[in-house]
Structures are given as structure tokens and as C-alpha cells.
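Please find one structure pasted underneath; my questions will follow.
Each value in this text was obtained by applying a stated rule to the coordinates, not by laboratory testing. Since we're looking at a predicted model, the values are computed, not measured. Ideal geometry is used to build each Cβ from the backbone, glycine not excepted, and the neighbour counts take in all protein chains shown.
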Amino acid sequence: MEAADDGFRPLDVEAVVEYIKDTPALLALLGEQLEGLSVKEVGDGNLNFVYIVSGPGGSFVLKQALPYVRSVGISWPMSKERTYFEMLALKEHGRLCPYHVPEVYHFDRPMSLIAMRYLQPPHIILRKGLIAGIEYPLLAQHMSDFMARTLFFTSLLYHSTLEHRKAVAEFCGNELCRLTEQVVFSDPYKVAQYNRWTSPYLDHDAEAIREDDTLKIEVAGLKSMFCERAQAMIHGDLHTGSVMVTNDSTQVIDSEFAFYGPMGYDIGAFLGNLILAFFSQDGHANKDDDREAYKRWILKTIEETWDLFHQKFVSLWNENIDGHGEAYLADIYNKPELQLLAQKKYMIDLFHDSIGFGAAKMIRRIVGVAHVEDFESIADTSRRAFCERDALNCAKTLLKERCKLETIGQVISVIEETSARLAVEIGRACYHHEVPLVE
Amino acid sequence: MLQLTLSGILSFEGIYVREYPQENRLNLSLHSFVTGYHTGASQSENALYISRRCQKANHFSSTVDYRFLRLPPLPLGLFPVEAMAAAEEGFRPLEEESLVEYIKSTPALLVQLGEQLEGLAIKEVGDGNLNFVYIVTSPGGSFVIKQVQYTGLIIEQSTYCFVVQTCIKLMALPYIRCIGTSWPMTKERAYFEMLALKEHGRLCPNHVPEVYHFDRPMSLIAMRYLKPPHIILRKGLIAGIEYPLLAQHMSDFMARTLFFTSLLYHSTLEHRKAVAEFCGNVELCRLTEQVVFSDPYKVAQYNHWTSPYLDHDAEAIRDDDILKIEVAGLKFCERAQALIHGDLHTGSVMVTNDSTQVIDPEFAFYGPMGFDIGAFLGNLILAFFSQDGHANKDNDREAYKRWILKMLEETWNLFHQKFVALWNENFDGHGEAYLADIFNKPELQLLAQKKYMTDLFHDSIGFGAAKMIRRIVGVAHVEDFESIADGSQRALCERRALDCAKKLLKERRKFESISQVISVIEEISAR
């Protein structure tokens with residue numbers, strides 16, 4: 001296919017091979033060996049084409065953006081410049097946290113195309129691992145590392161104002177923010193074309209959300225923060241589908257939504273999706289595995305992730321207190337007690353932001369346009385609806401009450417309480433034969 | 001009074017320094033181009049291009065503080081000035097003769113003079129803000145020309161650069177931290193000022209002088225001349241003049257400029273574009289961060305206050321943990337809420353009995369709305385507390401103090417009213433913060449608005465208080481106090497203002513109405 005005036009042409013499997021032949025950087029990655037090359041298209045997200053290219057001499061992943069939302073079609077255009085921002089973010093994240101980010105090998109701006117390291121099997125998407133009930137002992141450690149480093153080093157706690165503003169300006173061009181604004185902060189709270197939910201079970205729940213005044217006011221505050229507050233460079237879509245894992249490797253991918261926004265949005269995305277995974281477990285339980293131990297592992301991971309993040313973030317802050325970050329000058333916060341006080345206030349605000357954003361993301365995955373496989377893979381719709389309803393209720397409680405919560409332990413309590421009600425309800429529903437008994 | 005002897009320092013060829021000691025003022029005139037002086041680096045790296053002439057400004061205070069001009073002893077390093085780069089890009093500083101030529105060759109300006117150059121008069125007035133300002137009048141018309149000054153000499157000492165101010169007033173920008181050897185943002189401030197003037201002028205034409213002409217390489221703006229009897233509001237407040245339309249006009253200006261540049265009106269696409277554009281105006285933003293939010297809270301070289309009376313008060317500020325935590329929470333540089341003027345104090349407003357004009361928006365960028373509102377209200381409060389220092393046997397200023405408080409109250413209340421009215425009128429517009437489909441019931445809209453306005457109120461009080469504090473213990477003070485000749489009387493007024501500011505900053509979240517703020521002011525004033 002001929003390139004358009006802007007130099008773009010969408011690839012397919014054959015075209016990828018031709019493209020590789022014309023690109024020395026990519027040929028080099030394959031050790032110049034094109035014999036026995038295999039190209040497989042694996043893109044399973046909402047936005048892009050993803051090709052795994054592997055041959056005897058090497059391998060890589062090619063990701064290309066099309067100028068529309070792939071899962072919807074050309075009726076929903078989306079700027080393909082998102083690849084540029086993804087590349088910038090991959091590079092910056094890779095610089096700050098090289099163990100948890102695949103390297104970028106090649107970037108072709110007109111073609112909206114990135115080549116990066118292929119995360120070889122047994123790497124799988126974390127979300128799938130959570131559905132399958134697999135424990136990842138290093139997950140909390142790795143993710144807290146990633147978040148602490150990427151958020152701290154791109155904030156005014158570390159940047160000078162000059163550096164910060166330059167970076168903010170650069171990322172102002174990332175139009176994907178508008179997608180988030182719409183699908184996370186707006187659509188779930190009104191009648192919107194692409195909204196869907198497990199019907200008819202959740203019809204009332206979806207309606208209740210659309211009529212919940214307190215919820216709307218809270219979400220409006222979060223939306224403003226999302227649009228206005230250039231706190232750090234955030235991944236922008238840090239759900240469990242953006243993480244690939246093995247037993248001892250954790251890799252963060254898909255950073256095309258990256259921009260300068262509130263830190264809590266990344267932390268909230270990850271924790272919120274863990275909570276969704278938790279509530280979906282009852283839908284994956286069977287006679288061999290009731291998933292109770294796994295549920296406890298998920299809660300432990302949520303708790304550890306926040307606690308370790310908190311610890312590492314504050315350490316980085318302490319190590320860099322005499323640096324060129326301009327937010328909390330050492331000359332002003334010149335006493336240990338004062339530094340501690342300032343840090344405490346900062347971290348509690350960040351905690352509240354994270355809970356708020358996490359809850360908002362949970363809600364949108366149940367009554368919005370894009371759902372999560374954690375629930376979608378529960379075949380029995382009424383059972384799915386039970387799990388989703390409790391996730392929804394938990395999210396609403398967290399969103400509305402977050403300013404009263406001071407520790408992650410209290411968040412866990414909210415989850416456990418909501419879940420206990422679920423168990424009672426399912427039990428009751430089973431008793432009345434509304435839901436099939438587990439064999 | 002410290003005598004600056006620049007000639008002693010500039011001991012290399014080409015520099016021509018004239019000193020005009022006059023009424024205890026020192027005027028510097030640097031007439032030539034200079035090349036090269038550095039202790040270490042090569043000439044090409046450090047070629048210095050000075051082409052500046054400056055005269056004393058006419059309408060500024062006769063009390064000048066030179067302390068922050070103290071220059072470090074030689075040997076020094078000189079760094080390349082923005083001016084050099086600017087010159088390469090077509091910049092040249094204008095003075096009276098070259099200005100006439102410039103006008104003659106610029107049709108947009110000739111038109112403003114009705115093509116009549118006979119009887120053309122040019123008066124230089126400066127603005128104390130690193131700009132040259134010329135008033136150009138002829139029988140056929142008039143305008144003001146504002147051109148960025150690339151101050152001539154930059155001397156580095158550790159991480160600080162000292163800028164020698166050739167036009168001296170109360171310095172808002174006595175020094176600028178150099179980052180590396182480039183100063184990329186400063187020369188563009190004329191561009192940002194022009195952008196802000198145009199945007200504000202579009203949104204609120206009755207209170208912003210029109211821009212007639214902008215010349216980017218020349219860092220030059222031509223705008224409407226605010227004819228006499230327009231004076232700077234701050235001077236009017238010192239003189240005890242009442243301005244009956246002030247609250248109405250300023251509330252208009254703030255409501256319109258802040259509402260229409262926020263996400264209550266913008267789509268996020270428009271908003272981000274505009275935010276990105278103004279991200280370039282970072283240097284001034286960073287400077288504000290430093291002089292407003294940082295320096296007063298630590299031992300900083302250029303801090304000064306009415307000594308010895310306020311020594312303890314200044315120290316108390318540096319030791320006030322709660323105050324510091326509160327100030328840290330006023331995250332100035334992170335929140336792109338609306339296009340703010342950035343320096344909306346009473347020196348940025350020119351007034352007559354029925355005209356109010358906002359000028360000098362060169363600090364404009366996308367920041368928190370409360371910063372503009374707070375700047376204006378905070379400076380009114382400073383004016384209030386200074387009144388006792390201006391009282392005399394003919395006028396005890398009591399009635400005027402009540403007028404100021406009335407202005408304070410009306411300005412906020414009218415602002416609140418107009419802002420919410422604009423919001424209501426535009427609820428179905430393309431603003432994306434509060435979509436009509438979501439906020440689809442009147443009670444819900446009201447609830448959302450109430451929360452928004454309460455938060456904005458608290459922000460405004462917070463920022464206003466911070467600005468009050470910095471004007472008393474920081475680098476740049478205000479004429480309201482500086483013009484009180486008696487040091488102990490001045491200190492008394494300043495202390496009350498300081499105490500008021502600290503209380504407002506710490507307790508602002510308890511306030512729900514402006515009248516509660518007025519009560520705090522009155523209570524402290526009575527002490």
C-alpha cells in the first residue's frame with residue numbers, strides 16, 4: 001500500500017517483513033537472519049496492532065498505531081501521534097527503572113511504529129495470571145519500585161521548575177488524555193452511547209451511578225485534577241493489562257497514555273485493578289479451588305504494594321532533599337520533624353488521590369465502554385453480576401469515604417466487608433437456586 | 001547609600017559608563033557594545049553584548065533600596081546574555097531617535113498617529129520591570145511602546161546571577177538564577193505579555209488596553225496609551241482616593257478572564273494547547289515560586305524588612321512550621337486551572353474615577369485562579385493596613401479604611417456572582433469540567449458550584465496571604481508601606497498586616513464568606 005502524504009501506511013504481516021528488510025536497525029536485531037522468520041499479530045487491546053517478530057538470530061515486538069480506536073473502528077478516530085508519546089515515556093521510564101521496562105530499539109514517527117524488546121514466554125499479561133490464580137511473589141516489590149521511581153523522578157520533588165515545564169509542554173500534545181477524560185470520568189455518569197453492563201442484573205446499579213449526586217461531585221473533582229494537575233509523568237493506563245509477568249520478572253508496557261498528570265492516577269489504576277481481580281475470584285472459583293487463599297494473596301499484594309511504594313518514595317525524597325527539586329527546599333524544611341510533617345501530609349494526600357482514582361477506574365470498567373477480562377471471562381452472567389456489583393459498591397464506598405481513610409489496612413477492611421456481604425448474598429442466592437451451586 | 005561604580009568593574013574595552021548621582025539616586029548609562037571578559041572560558045563563549053541605555057523612571061518612588069545590588073568582588077565570570085542571541089535574531093534596543101524611525105517604517109503605528117508626525121513627542125517612563133516604556137503622542141493620536149530590556153551585565157556567583165538593574169525601582173526581579181549559559185525564556189516575555197493582553201482584551205475589552213502592534217524579534221509591543229488622569233491604583237490608594245467603580249470593574253475582569261480560560265468553558269483539547277503555549281513562560285513562573293513561596297521562609301540573601309522592629313517577626317516566619325506546611329500546599333506551578341495574569345497587584349492596575357485598566361501581564365501562564373484573586377485582594381489588605389501610616393491631622397483615614405474594606409467585600413462578592421452567572425450561561429457549552437448531561441439537575445449544579453467556589457475562595461485567601469507576607473519580609477516591598485517615612489510607624493502597620501496574613505493563611509478553610517475575612521482584618525486592626 002502506498003504511503004499517504006504524511007508518510008504513514010498501515011502494515012500487515014507481509015508488509016512487516018518488507019519493512020524490516022528496509023530498516024537496518026531491525027535487521028541488526030535479527031542478526032541479519034531472515035530465514036525462518038516468523039511474524040505474528042497479537043494485538044489484543046483496544047488501540048493498536050502488535051507483531052511479534054522472531055527468527056533464529058533474534059526477536060522484537062513491532063507496535064503500530066492506526067489513526068482510530070481499533071476495537072471500535074474508523075468511527076472513533078484517535079491520533080496516531082500517540083506512538084511518539086509512548087516512545088518518550090518508554091525511554092524515560094526505561095531510564096528511571098530499567099528492570100521493569102522493555103527497551104526501545106527503533107522508532108519511526110511517520111509510520112507511528114515502535115520496535116521494542118520482545119518479552120519472551122513465559123511472560124504473560126498480569127491480568128491473565130490473576131484470572132488463572134497464579135501468585136507472583138515479587139509483584140509488589142517490582143511495581144512499587146516502578147511507581148516510586150517513575151513518579152518521584154518526574155515530579156517537582158526532583159525536577160527544577162524549568163525542566164518540569166518543558167516536559168509538561170511536550171506531553172500536552174497527547175490527545176489520548178481526552179479518551180480517558182471521556183471514558184473514565186464522564187461516560188459512566190450519564191447515558192452514553194458505548195456504555196454497557198451485565199444486563200439486566202446491573203441495570204439498577206448502572207442507573208444508581210447515573211443518579212448519585214455525591215459520586216458525581218467527587219468524580220468532577222478528580223476529573224479537574226486529571227486535566228489540570230501536572231504533578232509527574234504518569235503512565236496513564238497502569239492497569240493489570242499493561243503489565244507482563246513471570247515468576248521473577250515484571251515489565252510495564254503500553255505507555256501511550258503518558259502525560260504529566262496526578263501521581264494518584266497511576267497508583268490508583270494498579271491498585272484498583274487488583275481490587276477488581278479480587279472481586280472476580282468468586283466467579284473463577286470451582287470445586288478444586290475456592291480461590292480463598294488466592295483472594296488473601298491479592299489483598300496482601302495490594303497492601304504491600306502501597307506500603308512498599310510509600311517507603312521507597314519517601315526514601316528517594318530523603319536521598320534527594322538537597323537536590324535541585326524546588327518543591328520542598330532543604331533551607332525551608334530545615335528540621336527533621338518539619339520534613340517528616342511535610343512528607344506525611346504529601347503522602348496522605350497522595351494516598352487519598354490514589355484511592356479516588358482507583359475507585360473511579362473500577363466503576364468505569366463495570367458500567368462503561370471497556371470492561372475487564374477478569375469479569376468478562378465469568379461465563380455465568382448472574383454470577384458475574386454479583387461479583388461486579390460488589391466491586392461497584394466497594395468502589396463507591398472508597399471514592400466517597402477516602403478522606404477518612406488513613407492506611408491501606410483500612411482500605412483492605414472496606415474490601416473485606418464488601419466481600420463478606422457478597423459471600424452471604426451468593427450463599428443466599430444459591431440457597432434459593434438463583435445461582436447454580438458450585439459442583 | 002551604596003555607590004555603584006560600574007566603571008571600576010568594567011575594565012575592558014568599549015564600555016562607556018556614565019554615572020548620574022542625582023538626589024541620592026544612581027543612574028547608569030551603558031552605551032557601548034562589549035566583547036569578552038571571563039576568567040576561565042573562551043571569548044566566544046562569553047562574548048557579552050551590551051546595548052542598553054536606561055534612565056531613571058519618572059513616576060517611581062524616591063526611596064530605593066540598593067542592598068540587593070551589592071556586587072561581588074572581582075574576579076568574576078560574565079555569561080552570555082540573552083541580548084546577544086536576540087541581536088542575532090533581529091533585536092535592537094530603541095531609543096528616541098531610532099524609535100521615530102521605527103514608527104515611520106511601521107504602518108500600524110503611523111495609523112495610530114493619524115499619519116501626523118508633526119509635533120511628535122516621545123517620553124520614556126520605564127516600568128521597573130526590566131522593560132523600556134515610551135509614551136508616544138502626536139496631534140493625531142498616541143500609544144505606548146513597551147520593549148524588553150536585556151539588562152547589560154550578568155555576573156555569576158555560585159548558582160546565582162546578579163542582574164544589574166539600570167532602571168531602578170522596587171525590584172521584583174533583582175536576580176535571576178542562571179541555568180547553564182542560556183536564558184531561553186526571558187526574551188519571550190514580550191510575546192507572552194502580548195498573548196495575554198490579546199486574550200484578556202478579547203474577554204474583557206473595557207479593562208485592558210488594546211494591542212496595536214507586536215514585533216517579536218524586537219520584543220516590542222505597542223498598545224493604547226492610558227492618558228492622564230490615569231494613575232497606578234497603588235498610588236491612588238496611598239493618596240486616599242476612592243474609586244467607586246473599582247470593585248465592579250475588577251470583579252468583571254477577573255470573572256471573565258478566569259472563567260473563559262478554564263475547563264468550565266474550554267474543551268480539554270483547547271485547554272492543553274493553551275497550557276503548552278504558556279509553558280514557555282516558565283522563568284517568570286519559577287521566579288514567582290522563589291520570591292513568593294520560598295525566600296520569605298528561609299534565610300535568603302535579598303530578604304529585608306523594617307529593621308530592627310520586625311526582626312523577631314521575620315524570624316518567627318522562618319520558624320513557623322505550620323505556615324511552611326500551608327505554603328507548601330499552595331502548589332503554584334502544578335495546577336493549570338486558567339490563564340492567570342500572574343502579577344495582579346495594585347501596581348498592575350491603572351485607574352481614573354470611572355476607568356480601570358489592567359496592565360503588565362508578562363507573568364501570565366496557566367495556573368491557579370486563586371493566585372490572581374488573592375494578589376488583588378491581598379494588596380488591598382496591605383493598602384488597608386498602611387493607612388494608619390498615611391494618616392495626618394487633616395485626615396485620619398478612618399473613612400478610607402472603611403471604603404477599602406467595602407471594596408474588598410464587594411470585589412469578592414461581585415466576582416462570585418458574575419463567575420457563577422457566566423457558568424450558568426455556559427452550562428450547555430463545550431466546557432468539559434462539568435458536563436450538562438451529568439450535572440443534569442439544578443440542585444446538583446448548585447452543589448457543584450458551591451463546592452467549586454468555596455475551594456476557590458480558600459485558594460484566593462491562601463495565595464493572597466502568601467503575597468502579603470512576601471511583601472513585608474521578602475525582597476520586593478510595596479510603596480504603600482515604603483512611603484511611610486517613620487520606621488517604627490511603618491513597622492507597626494506592617495506587623496499588623498503580617499499577623500493578619502498568617503492568620504488568614506492558617507485558618508482559611510474555616511472561612512465561608514468574605515465578611516469573616518473582613519472581621520479578622522478589623523479585629524487585628526483594632527489591636
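I'm a student and want to see the number: the projected area of the Cα convex hull of the range B:468-527, averaged over all directions, in nm². Walk me through the numbers on the way to the answer.
Numbers: hull surface 17.8 nm².
Mean projected area of the Cα convex hull: 4.4 nm².
Counting only other residues whose beta carbon sits under 11 Å from that of A:Val369, what net charge do I get with K and R as +1, D and E as -1?
On the way: positive: A:Arg196, A:Arg364, A:Arg365; negative: A:Asp187.
Value of the local net charge: +2.
Karplus couplings for the range B:247-261 from phi (6.51 cos²θ - 1.76 cosθ + 1.60, θ = phi - 60°), rounded to Hz, Gly and Pro as x?
Running phi through 6.51 cos²θ - 1.76 cosθ + 1.60 with θ = phi - 60° gives 4, 4, 5, 5, 5, 4, 4, 5, 4, 6, 5, 7, 4, 6, 10 Hz.
So for the range A:73-118, what percent of the C-alpha to C-alpha distances run longer than 16 Å? Could the numbers behind the result be given before it?
Values: 434 of 1035 pairs.
The share of Cα pairs beyond 16 Å in the range A:73-118 comes to 42 percent.
Next up: Hey, got the Cα dimensions of the range A:159-265 along the principal axes, in Å, largest first?
50, 38, 22
I want the local charge near A:Leu139. Using Cβ-Cβ distances under 11 Å, sum +1 for each Lys or Arg and -1 for each Asp or Glu among the other residues. Please list the in-between numbers first.
Details: positive: A:Lys300; negative: A:Glu135, A:Asp145, A:Asp248, A:Glu304.
Result for the local shell: -3.
Largest first and to the nearest Å, give the Cα extent of the range A:61-187 along each principal axis.
41, 40, 35
Same structure, new question: What pairs in A:Lys345/B:Lys298; A:Lys128/A:Lys345; A:Lys216/B:Lys502 have C-alpha atoms more than 27 Å from each other?
On the way: A:Lys345/B:Lys298 20 Å; A:Lys128/A:Lys345 37 Å; A:Lys216/B:Lys502 35 Å.
Violating the 27 Å Cα-Cα cut-off are A:Lys128/A:Lys345; A:Lys216/B:Lys502.
Kirkwood Rh and Cα-based Rg: tell me the resulting Rg over Rh for the range A:221-301, rounded to two decimals.
Details: Rg = 15.5 Å, Rh = 14.4 Å.
Radius of gyration over Kirkwood radius for the range A:221-301 works out to 1.08.
Using only alpha carbon positions, build the gyration tensor of the range A:1-148, then give the equivalent ellipsoid semi-axes as the square roots of 5 times its eigenvalues, largest first, whole angstrom. Could the numbers behind the result be given before it?
On the way: eigenvalues 138, 80, 51 Å².
The three semi-axes for the range A:1-148 are 26, 20, 16 Å.
Continuing with this model, one more query. If eta is 0.890 mPa s and T is 25 °C, what Stokes-Einstein diffusion coefficient results for the range B:293-406, Kirkwood Rh from Cα pairs, in µm²/s? Please list the in-between numbers first.
Working: Rh = 16.8 Å.
Answer, rounded: 146 µm²/s.
In Å and on Cα atoms, what radius of gyration and Dmax does the range B:356-408 show?
My reading of the Cα-based Rg and Dmax gives 14.5, 47 Å.
Which lysines, on any chain, are close to A:Lys21 with Cα under 28 Å apart, when same-chain ones fewer than 8 places away are left out?
A:Lys21 reaches A:Lys40, A:Lys63, A:Lys80, A:Lys91.
Loop only per DSSP, at most 12 neighbouring Cβ atoms within 10 Å: give me the trypsin sites (Lys or Arg not before Pro) in the range A:258-297, ordered by residue number.
A:Lys287
Based on Cα positions only, what radius of gyration and what Dmax would you give for chain A, in angstroms?
Answer for chain A, Rg first and Dmax second: 22.3, 68 Å.
Continuing with this model, one more query. From the convex hull of the Cα coordinates of the range B:418-468, what is the mean projected area in square nanometres? It would help to have the intermediate numbers written out before the result.
Working: hull surface 16.1 nm².
Over every viewing direction, the Cα hull of the range B:418-468 projects on average to 4.0 nm².
Past the 27 Å Cα-Cα mark, which pairs from A:Lys295/A:Lys344; A:Lys223/A:Lys396; A:Lys223/B:Lys331; B:Lys324/B:Lys401; A:Lys190/B:Lys506? Intermediate values should be presented prior to the final figure.
Details: A:Lys295/A:Lys344 30 Å; A:Lys223/A:Lys396 16 Å; A:Lys223/B:Lys331 18 Å; B:Lys324/B:Lys401 30 Å; A:Lys190/B:Lys506 39 Å.
In this structure, A:Lys295/A:Lys344; B:Lys324/B:Lys401; A:Lys190/B:Lys506 exceed 27 Å between Cα atoms.
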